[in-house]
Amino acid sequence: MRTAYSVETVRAAERELMARLPEGALMQRAAAGLAAACADVLGRVYGSRIVLLIGSGDNGGDALYAGARLARRGAGVTAVLLAPERTHAGGLAALRRAGGTLVTPSAAEQIVRRADLVVDGIVGIGGKGGLRPDAAALAAWAEQSRAAVVAVDLPSGVEADTGEVLGAAVRADLTVTFGTHKPGLLIDPAREYAGSVRLVEIGLELPDQAELEALQHADVAARLPVPGAASDKYRRGVVGIAAGSARYPGAAVLAVSGALRGGAGAVRYVGPAGDAVIAAFPETLVSDKGPHKAGRVQAWVAGPGAGDDASAVDEVLAAEVPVLVDADGLRLAERGAVRARSAPTLMTPHAGEAAALLGVSRAVVEGARLASVRELAGLYGATVLLKGATTLVADAGGGVVRVNSTGTAWLATAGSGDVLSGLAGSLLAAGLSAVDAGSVAAYVHGLAGRFAADGAPAGAHDVASAIPDAWRDIRD
């Protein structure tokens with residue numbers, strides 16, 4: 001499990017560790033890891049041109065000490081001091097002893113543009129808001145150069161705790177973070193500024209509950225339902241799909257396709273697209289009598305392609321089994337009906353749908369994804385899976401938020417969300433909690449998207465077809 005902790009938690013752990021270590025030892029650990037990462041990026045240190053962008057905080061000190069190490073290996077190291085009077089004194093002295101040079105921001109443009117490597121030590125994890133003009137200019141020159149950009153702990157200008165980017169910020173090729181991941185390294189839009197992330201262990205002792213957690217292969221494998229010798233289709237779970245309409249029969253077909261590959265023993269379909277569903281998947285149990293007469297299920301999926309017909313959504317929300325609500329169902333579901341449910345509810349909006357439910361613009365949701373998913377979960381008293389480049393899963397009770405680490409931009413295609421809904425609904429029927437069903441489905445779906453696309457466009461039906469390959473890859 002990959003975890004991320006808030007700035008407050010990290011700061012407390014750092015203070016506790018520094019109290020037990022000789023003065024400066026923690027910064028030296030960080031600097032050693034940073035220097036090693038920079039050397040790996042460069043390949044050859046001797047003769048390389050390295051520019052350090054130095055602010056007034058400890059990140060600047062980390063960068064200066066790392067620069068001194070690289071200078072002793074033959075690199076030409078120049079530090080651009082944004083706050084000379086508040087620069088870390090020990091790091092600055094170490095760089096000077098190693099032969100490094102100093103310049104002011106006004107004299108730095110050509111030096112930055114000609115660099116082989118730029119190290120961002122402008123602002124630490126406690127920074128708020130975008131970069132100031134002089135620092136923003138340095139960030140822009142670094143981005144326009146051919147240099148590799150390495151950020152210290154977090155790209156300067158992004159919000160560590162929320163993943164928001166509220167102004168100009170450094171765009172890194174690699175972020176070297178210390179002790180633990182910070183939420184902003186895992187959540188868009190900040191995540192795309194971080195590039196690849198390398199974690200350097202420095203000995204922090206952190207609490208059990210993190211701010212964020214990201215499942216890895218082993219975590220997902222432990223949660224995937226596996227039938228036993230005594231299993232039959234009913235013991236494995238039956239998922240009901242109330243989806244589709246005369247206008248959108250494909251949504252029903254795609255939701256069923258995801259459900260059939262999600263681990264449940266059987267899929268019941270209810271809705272006007274029965275002929276299309278049977279034609280594509282003859283193993284589906286089809287009914288045209290509404291959810292309450294469809295037969296026993298262990299979970300329902302409602303809403304994909306439903307159009308304006310709220311009746312099926314209302315019936316499903318009245319059921320005493322876990323329910324997943326997606327697409328048109330999100331618009332049709334009454335908030336009070338969702339909050340009144342005693343069984344688990346999983347809502348799966350994309351940013352536009354979440355914005356409509358929250359009464360804000362899509363840009364607000366996309367710019368503050370963590371706050372938005374938490375607010376929506378609390379508002380509806382439900383588990384919420386917020387789809388996007390970084391999918392987040394939040395429980396109504398608060399606590400740790402799951403962030404998905406798989407996926408590809410090729411998943412941004414019509415019907416992909418319908419497949420995800422069916423897959424997650426099947427996992428609900430197989431007995432997973434709403435948080436596990438949502439996060440495991442997002443992981444498998446994202447991996448299937450990678451396999452289906454393989455660097456080229458892929459349709460939603462291709463993603464569904466790749467789910468067994470993703471499942472096997474995770475289990476191997």
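Listed values, structure above:
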| read-out | value |
| --- | --- |
| Relative contact order [Cα under 8 Å, 6+ residues apart], the range 131-288, whole percent | 14 |
| Rounded if a/c under 1.5, otherwise prolate or oblate - the range 275-320, Cα gyration tensor axes | oblate |
| Net length gained if the chain between TYR46 and ALA107 were fully extended (0.36 nm per residue, minus Cα distance) | 19.5 nm |
| Size of charge dipole - the chain - debye, nearest 20, with Cβ of Lys, Arg +1 and Asp, Glu -1, no other charges | 880 |
| Heavy-atom surface of the range 1-107, accessible at 1.4 Å and reported per residue (Å²) | 47 |
| Within the accessible area of the range 138-205 (1.4 Å probe), percent carbon and sulfur | 43 |
| Alpha-carbon Debye profile of the range 302-406, log10 I(q)/I(0) at 0.21 Å⁻¹ | -1.07 |
| Relative contact order of the chain, pairs being alpha-carbon contacts under 8 Å that are 6 or more residues apart, as % | 12 |
| Percent accessible area from carbon and sulfur atoms, the range 209-256, protein chains only, probe 1.4 Å | 52 |
| In nm, spacing of pseudo-spin labels at ALA230 and ALA279 (7 Å Cα→C-beta vector) | 4.3 |
| LEU52 long-range amide H proximity, modeled H, under 5 Å | THR78, ALA79, VAL80, VAL119 |
| 222 nm mean residue ellipticity, helices alone, for the chain (DSSP H n ≥ 4; -39,500 (n - 2.57); rounded to 500) | -12000 deg cm²/dmol |
| For the range 374-474, size of Cβ-based charge dipole, Lys and Arg +1, Asp and Glu -1, in debye | 140 |
| Computed over the range 200-319, Cα set: Rg, Dmax in Å | 18.6, 61 |
| Difference of contour (0.36 nm per residue) and Cα-Cα distance, GLN216 to LEU379 | 55.8 nm |
| Rounded tilt (10° steps) of 249-260 against the dominant C-alpha axis of the chain | 80 |
| Using alpha carbons only: equivalent-ellipsoid semi-axes of the chain, gyration tensor based, whole Å | 49, 20, 20 |
| Exposed-loop-free span, longest in the chain, where GluC sites (Glu not before Pro) count as exposed if DSSP calls them loop and at most 13 other C-beta atoms lie within 10 Å | 24-200 |
| Rounded accessible area per residue of the range 113-185, 1.4 Å, Å² | 33 |
| Helix 133-144 vs. the chain, principal-axis angle (Cα, 0 to 90°, nearest 10) | 70 |
| In the range 250-302, trypsin sites (Lys or Arg not before Pro) in a DSSP loop with at most 10 other beta-carbon atoms within 10 Å | LYS289, ARG296 |
| Positive-pole candidate from ALA83, ALA66, LEU42, dipole of the range 35-96, charges at beta carbon | LEU42 |
| Antiparallel content of DSSP bridges confined to the chain, in %, to 5 | 15 |
| Directionally averaged projected area (convex hull, Cα atoms, the range 1-131), nm² | 9.2 |
| Dimensions in Å of the range 1-41 - Rg and Dmax from alpha carbons | 12.7, 33 |
| Size of charge dipole - the range 297-434 - debye, nearest 20, with Cβ of Lys, Arg +1 and Asp, Glu -1, no other charges | 500 |
| Rg and Dmax [Cα atoms of the range 134-291; Å; Rg one decimal, Dmax integer] | 24.1, 68 |
| Using alpha-carbon coordinates, inclination of helix 369-380 to the longest axis of the chain, degrees | 30 |
| Residues ARG362 and ALA456, FRET efficiency given R0 of 22 Å [Cβ-Cβ distance, rounded to 0.05] | 0.20 |
| Relative counts (whole %) of C-alpha pair distances in the range 204-246, using bins that are 5 Å wide | 5, 13, 12, 14, 13, 13, 12, 9, 5, 3, 1, 0 |
| Farthest positive-ward along the range 350-476 dipole, Cα basis, beta-carbon charges - from ALA389, HIS461, ALA430 | ALA389 |
| Rg/Rg_ref, the range 357-476, where Rg_ref = 2.2 N^0.38 Å and atoms are Cα | 1.06 |
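The values are calculated or read from the model by the stated rules, or taken from the named source; none is laboratory data. Note that this is a predicted model, so its numbers are computed, not measured. So basically every Cβ, Gly included, is an ideal-geometry build from the backbone, and we count neighbours across all protein chains shown. Each accessible area value is taken on the protein alone, full model and side chains, heavy atoms only, with ligands, DNA and RNA left out. Shrake-Rupley method; radii C 1.70, N 1.55, O 1.52, S 1.80 Å.
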